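Just below is one structure, and these are the notes that go with it.
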Amino acid sequence: MHRRDALGVLGLASLGGLVNHALAAAPRWQATAQPASDAKRGDDAPRNTISLAQWSLHRRFGFGRPEERAKDPADPLDFGKIAREEFGISQIELVNSFYRPRIGDKTLAGEMRRRFDDAGVSTILIMCDGEGLCGAADDAARATFAANHVKWLELAKALGCHSIRVNAIGEGDAAEQAKRCADGLAKLVALAKPFALSVIVENHGGLSSDGNWLVGVIKAVNDPACGTLPDFGNWRDASGTLVDPVRNVELVMPYAKAVSAKSYDFDASGKETLLDYPRLLQVVRAAGYRGAIGIEYEGKRLSEADGIRATKALLEA
């Protein structure tokens, strides 16, 4: 089960005039800690820290196909301890699905903070799914999408995150979805500002898995609090074909506030079999990005733990 399965996958289409206009006319801003022109580039740049996305262990926490799930699922609040003790990783990225059953519990944030602090980890962001369509055709539905994320903004603030990650999926053709998604994101950004949190969009299926389209949406929002979370592997077209991950990551990196190192499988020498990690990491570093790179293993041949370790080895190489 993929995080976006419940959302559906929308077909890719040609970009409309609205997106082209946004690409040409909207101002470009730099979302990294320092302007790319001033940052060190290439292999001489400081190494990025490594974080762990909770979805890498979704089967251990009781998600996925019934035959794949752990018979005795782990407590999601133990994620920080697992990240630190099993993998030596001290930064974590949460997935809201694991905490939805308790999100109305006023003791949740404090308990999570205590347990993560005790484990010696910090929380970077919360990946939010299942809260409505960002680019719904109806304006009221877009407002509901934004309002539905307030509970996650509250939790993210309490845990010391810098962002929540959302999905840019909508209704209509490419141009209509771009306009509607930009509006939905703008509504959410307005709600996020009192929390001093950013709203970031992952390439996560449908039109968002086209780098040009996603850049057009971010430029149309035109707010430095709205950026991207480039995922190395989620660049598939409507047929499921992986389309030029290196070029697509390069397109969205200037707006990145987090990066997801997706991995699927590895050869005998430890190289990822579908993704060109050396080139992808070069793109990330050349953009001047200095934040954490999050491991998100989604393979099946290796265990979740072994896949995480193999991905970590690539990031540390």
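Bear in mind these aren't lab numbers, they're just calculated from the coordinates by the rules spelled out. Since the model is a prediction, treat every value here as computed from it, not as a measurement. For neighbour counting, all protein chains shown are included, and Cβ atoms are generated from backbone atoms with ideal geometry for every residue, glycine included.
Filter region 261-291 for residues that are farther than 23 Å from residue 222 by Cα, among the small types (Gly, Ala, Ser) and surrounded by 22 or more Cβ atoms within 10 Å (Cβ to Cβ) and give the result.
261, 263
When region 206-232 is examined, which residues are found to be of a type in the set (Gly, Ala, Ser) and either free of Cβ contacts under 8 Å to residues at least 24 places away in the same chain or crowded, with 21+ Cβ neighbours inside 10 Å (or both)?
206, 208, 209, 211, 216, 220, 227
Looking only at region 275-315, which residues are β-branched (Val, Ile, Thr) and assigned to a helix (DSSP H, G or I)? Working first, answer last.
Residues of region 275-315 that are β-branched (Val, Ile, Thr), as a first pass: 283-284, 293, 295, 308, 311.
Passing the criteria: 283, 284, 308, 311.
Go through region 81-111 and report how many residues are in a helix (DSSP H, G or I) and touching a Lys or Arg at 6+ places or on another chain (Cβ under 6 Å).
Restricting attention to region 81-111, the residues satisfying the condition of being in a helix (DSSP H, G or I) are 81-87, 96-98, 100-102, 108-111.
After this cut, where a residue has to be touching a Lys or Arg at 6+ places or on another chain (Cβ under 6 Å) as well, the list is 108.
Count: 1.
Of 130, 120, 172, which residue is farther than 30 Å from residue 80 by Cβ and in contact (Cβ under 8 Å) with a residue 24 or more places away in the chain?
Details: 130 fails: farther than 30 Å from residue 80 by Cβ; 120 fails: farther than 30 Å from residue 80 by Cβ.
Answer to the selection: 172.
Of the conditions (1) buried (at least 19 other Cβ atoms within 10 Å of the Cβ); (2) over 21 Å from residue 184 (Cα atoms), residue 122 clears all except one; give me its number.
Evaluating residue 122 over (1) buried (at least 19 other Cβ atoms within 10 Å of the Cβ); (2) over 21 Å from residue 184 (Cα atoms) leaves (1) as the failure.
When region 82-113 is examined, which residues are found to be crowded, with 21+ Cβ neighbours inside 10 Å and touching a strand residue (DSSP E or B) at 6+ places or on another chain (Cβ under 7 Å)?
Within region 82-113, 83, 89, 92, 93, 94, 95, 96 qualify.
Do any helices (runs of 4 or more DSSP H) lying entirely in region 157-274 carry at least 3 residues that are small (Gly, Ala, Ser), and which ones are they? It would help to see each step written out before you state the result.
Working: elements: 174-192, 211-221, 245-252.
Passing ranges, in order: 174-192, 211-221.
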